[in-house]
Amino acid sequence: MSAKTIGIIGGGQLGRMLAMAAARLNFRTVILEPQADSPAAQLANEQIVAAYDDAAALAELAKRCDVVTYEFENVPVAAAEELARHVPVYPPPKALEMAQDRLTEKRFINGCGIPTARFHAVDSQVDLEKALADFGGQGVLKTRRLGYDGKGQRVYRSAADSAEGGFEALGGVPLILESFVSFEREISIIAARGLDGSIACYDPAENVHRDGILHTSTLPASISAATAAAAREAAEKILAALGYVGVIGIEFFALADGSLIANEMAPRVHNSGHWTEAACVVSQFEQHIRAVAGLPLGNPVRHSDCVMQNLIGDDILSVPDWLRRDEALVHLYGKTESRPGRKMGHVTQLRR
Ligand code: AMP
């Protein structure tokens, strides 16, 4: 095997599940994360406790690892680029750059020939008012950077919603106003590209969000074969355009006519792909490890229908019930403190 030690930037549950998958294939893992005893570091071989852009820590990570990957998209691009001068970094830093800013991301996705919601950059209150007027008073205002789980967003439902103070309310930072998409359902696709350029796509999942956080992913999604094929084609275009290596998650809005509008992409394993660990032989986590280590990709075929449900905050109290159910895979993240909105674990219930 070409790589023996895999560095993972970020110590959350995605890093934890990557470390588990890596261990099963005989790889060692090193986690770089500012918080000690993180969910990922609990299961990795080594940890470096430092900021993601700490130059000495990055140099140490490069020294200890044969390849470096990341589990969240807000790794500073400059840090990833500097690291890439010393050790292979997958997915390529360019993918981080395209995914970190919603404006850059939408332009990139459109450049791949894939539709998104219409959008305007909003850098002032005047911009906001002009953009809202263009969209008939409706739209979703989002911070361009660092938004997640619906944070840093505001919805304008009609021209009666006052725009006053809207720019400052999201912190006076660069924003984007997206046109409001009346979607029928939300789906996502988890896809992987190997070092040899081969591509493997899992079946699209149908996702339901609650309070901006993913609640369930259901397989199969209630979409036509043509819509599923469109999601796959979009993933293939994005992966090829980025010269990508690793797993990517891409979210779409599916409209009533079956057409797709891309919402966002995450250059990493994705919450809406957790079902793959229960319903596929090779999970998204193993697929990502295979890709970044230069191994052949696994067959992404799904052997069962299933529903993945996140355990958020006090949902963790339902674990004893889940453990009594047939064909339910329970996965907990090693977080000792539960807080509202905090992802504590997930379960995947097979349906056969
Ligand atoms: P995001 O952070 O972009 O994934 O947005 C969080 C959630 O807000 C999405 O999963 C949708 O349910 C909703 N949403 C985001 N953007 C739009 C939009 N342009 N039109 C309608 N709903 C949206």
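The values are calculated or read from the model by the stated rules, or taken from the named source; none is laboratory data. Note that the coordinates shown come from a computational prediction; the quantities given were computed from them, not determined experimentally. Reconstructed Cβ throughout: ideal geometry from the backbone, glycine too, with neighbour counts over all protein chains shown.
Please enumerate the residues belonging to segment 138-168 that are surrounded by fewer than 16 Cβ atoms within 10 Å (Cβ to Cβ), more than 9 Å from the ligand (Cβ to nearest atom) and either among the hydroxyl-bearing types (S, T, Y) or modelled with pLDDT under 90 (or both). Selection gives L146, S158, A159, A160, D161, S162, E164, G165.
A single entry from A95, A191 fulfils the requirement of being in contact with a Cys (Cβ under 8 Å, 6 or more places away or on another chain) and under 30 Å from T5 (Cβ atoms): A191.
In segment 199-222, how many are more than 16 Å from the ligand (Cβ to nearest atom) and closer than 21 Å to I114 by Cβ? Let's see the steps before the verdict.
Initial filter on segment 199-222 (more than 16 Å from the ligand (Cβ to nearest atom)): 199-203, 219-220, 222.
The next check asks that each one be closer than 21 Å to I114 by Cβ; those that pass are 199-203.
The number of residues fulfilling the criteria is 5.
Do we find a residue being in contact with a Gly (Cβ under 8 Å, 6 or more places away or on another chain) and either within 15 Å of the ligand (Cβ to nearest atom) or not charged (D, E, K, R) (or both) anywhere in segment 116-125? Break it down stepwise before answering.
Step one: filter segment 116-125 for residues in contact with a Gly (Cβ under 8 Å, 6 or more places away or on another chain), giving 125.
If we keep only those that are either within 15 Å of the ligand (Cβ to nearest atom) or not charged (D, E, K, R) (or both) too, we end up with 125.
Looking through segment 116-125, at least one residue is in contact with a Gly (Cβ under 8 Å, 6 or more places away or on another chain) and either within 15 Å of the ligand (Cβ to nearest atom) or not charged (D, E, K, R) (or both).
Of all residues in segment 155-181, those that are within 14 Å of D123 (Cα to Cα) and not assigned by TED's automatic domain parsing to the domain that holds F253 have Cβ atoms under 7 Å from Cβ atoms of residues that are part of a loop (DSSP other than H, G, I, E, B) and of a type in the set (D, E), 6 or more apart or on another chain, in P174/D123. Got at least one residue in segment 305-316 being buried (at least 18 other Cβ atoms within 10 Å of the Cβ), in contact with a strand residue (DSSP E or B) (Cβ under 6 Å, 6 or more places away or on another chain) and not hydrophobic (A, V, I, L, M, F, W, C)? Looking through segment 305-316, at least one residue is buried (at least 18 other Cβ atoms within 10 Å of the Cβ), in contact with a strand residue (DSSP E or B) (Cβ under 6 Å, 6 or more places away or on another chain) and not hydrophobic (A, V, I, L, M, F, W, C).
So if I check each of F285, F253, which one is over 23 Å from A226 (Cα atoms) and surrounded by 17 or more Cβ atoms within 10 Å (Cβ to Cβ)? Lay out the reasoning, then the answer.
On the way: F253 fails: over 23 Å from A226 (Cα atoms).
Of the residues listed, the single one that is over 23 Å from A226 (Cα atoms) and surrounded by 17 or more Cβ atoms within 10 Å (Cβ to Cβ) is F285.
The lone criterion from (1) surrounded by 16 or more Cβ atoms within 10 Å (Cβ to Cβ); (2) farther than 25 Å from A240 by Cβ left unmet by P91 is number (2). Any residue in segment 189-202 that is buried (at least 16 other Cβ atoms within 10 Å of the Cβ) and modelled with pLDDT under 95? Looking for residues that are buried (at least 16 other Cβ atoms within 10 Å of the Cβ) and modelled with pLDDT under 95, one finds none in segment 189-202, hence no.
Of everything in segment 36-54, what is acidic (D, E) and under 19 Å from M344 (Cα atoms)? Give them in sequence order. Spell out the reasoning first.
From segment 36-54, those acidic (D, E) are 37, 46, 53-54; that's our starting set.
Listed by number, the list holds a single entry, D37.
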